[in-house]
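The structure under discussion appears below in the form of structure tokens.
The values are calculated or read from the model by the stated rules, or taken from the named source; none is laboratory data. Computed from a predicted structure; not experimentally measured. Note that each Cβ is placed from the backbone with ideal geometry, even for glycine, and that neighbours are counted across all protein chains shown. SASA here: full protein model, heavy atoms, side chains in, ligands and nucleic acids out. Shrake-Rupley method; radii C 1.70, N 1.55, O 1.52, S 1.80 Å.
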Amino acid sequence: MTTTRYAALLRGVNVGGARKVPMAELRTVLTGLGHQDVRTYLQSGNAVFSTGSDAREEDLAADLEAALEERFGFHTDCLVRSGPSLRAVVDACPFPAADLEPRQLHVTYFSAPVTPERFASVDRTAFLPEDFRLGVREVYLYAPDGLGRSKLADALARPALLKGVTATTRNWNTVVKLAEMAGTQAP
């Protein structure tokens, strides 16, 4: 059986003092699920691990969600992406990442493929110079003044647009670092 590297992206933990998931305990949970070479990145719910399991990303995420709920007493949504998938996100960036400050570029990962129909109600011209582009299971967001000041980010986070999917956002530094940690080379 082949060992594969993955990244786990937890949604909404360690933000504003609520829903605390210490990274040491996240490593323990992942190890308890049988994963190896577990490493975390920052305090915002990013972990990379290896597994010999042939489970799908969705199954790995569901197992992690259940284990976290058992350990911490609350549910947190998780997405899992393989190293090659993370690398593909970096490679497919439609914005000139090398020319931008990392705080200006973000990726929102989705639990399902993104479709133009889901985002048809967003008038891109109303938010210029901010912009977004669709990937496969991700949306790239260019926010020149940063995510905290982005009106487009608020529009893209409307519940109607996120209905039926899990979504979590990472800044470009984190996107690249997770791709590196998952065993891929990043620019």
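Would you calculate a helix-derived [θ] at 222 nm for the chain, using -39,500 (n - 2.57) for each DSSP H run of n ≥ 4 and dividing by the full residue count, to the nearest 500?
My calculation for the chain gives -8500 deg cm²/dmol from helical runs alone.
Mind ordering 155-164, 50-59 by average Cβ neighbours within 10 Å, highest first?
Descending packing order for the listed peptides: 50-59, 155-164.
Could you quote the convex hull projected area for the range 23-119, Cα atoms only and averaged over all directions, in nm²?
Mean shadow area of the hull around the Cα atoms is 7.8 nm².
How big is the C-alpha Rg of the range 79-187 next to the rule-of-thumb value 2.2 N^0.38 Å, as a ratio?
Here the answer is 1.02, to two decimals.
Cα extents of the range 18-77 along the three principal axes, largest first, in whole Å?
Result, largest extent first: 34, 20, 16 Å.
At 7 Å along Cα-to-Cβ for each site, give me the label-to-label distance between A126 and L162 in nm.
Inter-label distance under the simple model: 1.9 nm.
Relative contact order for the chain: what percent, with Cα pairs under 8 Å and sequence separation of 6 or more?
Computed value for the chain: 24 percent relative contact order.
Suppose R0 equals 22 Å; then what is the FRET efficiency for F95 and T28 from their Cβ-Cβ distance, rounded to the nearest 0.05?
0.05
Quick one: pull the percent of accessible area on the range 80-172 belonging to carbon and sulfur, 1.4 Å probe, ligands and nucleic acids left out.
55
Return the carbon/sulfur percentage of the accessible area of the range 1-78, one whole number, probe 1.4 Å, all protein chains in place.
Here carbon and sulfur together make up 47 percent of the probe-accessible area.
I need the shape label for the chain. Rule: rounded when a/c is under 1.5, else prolate if a/b > b/c, else oblate, with a, b, c from the alpha carbon gyration tensor.
Prolate.
Over the chain, give the accessible area per residue in Å² for a 1.4 Å probe, as an integer.
49
Explain nothing, just the number: relative contact order of the range 34-97, from Cα pairs under 8 Å at least 6 residues apart, as a whole percent.
The normalised contact order for the range 34-97 reaches 21 percent.
Suppose we take every Cα in the range 132-182 and form the convex hull; what volume per residue is that in Å³?
94
With θ set to phi - 60°, apply the Karplus curve 6.51 cos²θ - 1.76 cosθ + 1.60 along the range 33-42 and write out the HN-Hα couplings as whole Hz, x wherever there is a Gly or Pro.
7, x, 7, 10, 6, 7, 9, 10, 9, 6
Based only on the alpha carbon positions, what is the Kirkwood hydrodynamic radius of the range 98-147, in angstrom?
About 11.6 Å, per the Kirkwood formula over Cα pairs.
Which semi-axis lengths, in whole Å and largest first, follow from the square roots of five times the eigenvalues of the Cα gyration tensor of the range 85-126?
Taking √(5λ) for each eigenvalue gives 21, 17, 9 Å, largest first.
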